[in-house]
Every structure is written in C-alpha cells, then in structure tokens.
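First up is the structure itself, then whatever we jot down about it.
No lab work stands behind these numbers, since they all come straight from the coordinates. Just so we're clear, the structure is a prediction, and the values are computed from it rather than from any experiment. Note that each Cβ is placed from the backbone with ideal geometry, even for glycine, and that neighbours are counted across all protein chains shown.
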Amino acid sequence: MPLCFIEPQDAIRVMVESIGREARRQLLGELVRAWVDEIPESELASHYAKAVDDLDEHDLSMLAAWHASLEVGHPIANKEFLVNAFPALGENRREALKIAAGFRGEEAFNAGVAEEQTLDTVLPWLSTARCEELAVECLELYCWDRLGSDN
C-alpha cells in the first residue's frame with residue numbers, strides 16, 4: 001500500500017479546491033483569522049491601515065460600531081479616525097484587524113477574486129503548526145460539505 005505525504009499548506013489548497021462555495025467562504029475566513037494571529041506585533045498597524053483603506057462606507061460603519069462597543073471613545077466611521085484609534089485598542093487590536101480583514105476578504109470573495117490569490121497571500125505567513133491546525137479544520141469543513149450540507 002503506497003503512502004502519500006503532503007505538506008499542510010498543500011492539503012489546505014487541495015481541500016479548498018474540492019469544497020462548495022459556502023465551505024470555501026468559511027475556510028477562507030478561518031485562514032484570514034489565522035493569518036492575523038501570525039502577524040508580528042510591530043506590523044499590526046500597517047496591516048490594519050491597508051485593510052481599512054479598502055473598506056466601503058457600510059463596512060466602516062460596522063467597524064466603528066465595534067469600536068464603540070469597546071467604549072474607547074466616540075468612534076467615527078471614517079478611515080482616518082479608525083486607523084488613528086487603532087493603537088488605543090490595546091489587546092483588542094488583533095480582533096479589530098480580524099474584523100477589518102474579514103470585511104475586506106468577504107468583499108473580495110463576493111467580487112469573485114480567486115481563492116488562489118487569497119491562499120497565495122495568506123499561507124506563506126502561517127507557521128507549520130498553524131497550517132496543521134487549519135488542515136484539520138479544512139478536513140472537518142470538507143466532510144461537512146461532502147456529507148450533505150445545503151451548499
């Protein structure tokens with residue numbers, strides 16, 4: 001019986017190509033959140049600024065509402081305010097970036113930006129251990145998708 005070895009990043013790519021649209025959407029969201037967890041602390045602000053820069057008015061309003069829930073001041077739904085308020089979020093900065101990047105990723109997904117581009121952007125940032133965790137999640141999503149979800 002032959003054995004086949006595959007790197008976790010490659011396994012993720014294969015499973016993304018093999019699942020339906022809703023499962024892919026969920027998986028890509030997980031990848032973006034994992035990517036944010038792997039970003040060095042010193043680079044969070046620049047990635048947040050890039051993510052916020054690409055958001056539309058609706059997403060900016062939703063992000064500002066999330067800021068308001070933290071009671072860090074009276075947020076304004078504009079890019080400059082949100083970027084300038086980022087350092088004041090303290091421990092919540094990663095969560096803010098996850099939300100902003102998630103909005104950005106959702107818009108890209110809806111616009112038909114290829115999953116391959118997202119994978120090429122995100123996977124190289126992830127550690128092997130994190131890729132292994134994500135490969136397990138991918139397998140669960142793959143089974144969910146193949147075993148009869150409404151997808």
Estimated FRET transfer efficiency when R0 is 22 angstrom, pair His58-Leu147 (beta carbons, to 0.05):
0.05
What is the order of Leu28, Leu139, Leu147, fewest Cβ neighbours within 10 Å to most?
Leu147, Leu139, Leu28
At 7 Å along the Cα-to-beta-carbon direction for both Glu43 and Glu116, put a label point, then send me their distance in nm to one decimal.
2.4
Residues Ile12, Ile99, sorted so that the one with the fewest Cβ neighbours within 10 Å comes first
Ile99, Ile12
Principal axis extents for the stretch 42-101, Cα atoms only, whole Å, descending order, please.
26, 24, 17
To make sure I understand, if each residue's beta carbon is the centre and we count other beta carbons within 10 Å, what order do Cys143, Cys138 fall in, fewest to most?
Cys143, Cys138
Taking only Cα atoms, what is the 0 to 90° angle, nearest 10, from helix 8-18's long axis to the longest principal axis of the chain?
80
Just want to confirm a number: the relative contact order over the chain, from Cα pairs under 8 angstrom separated by 6+ residues, in percent.
43
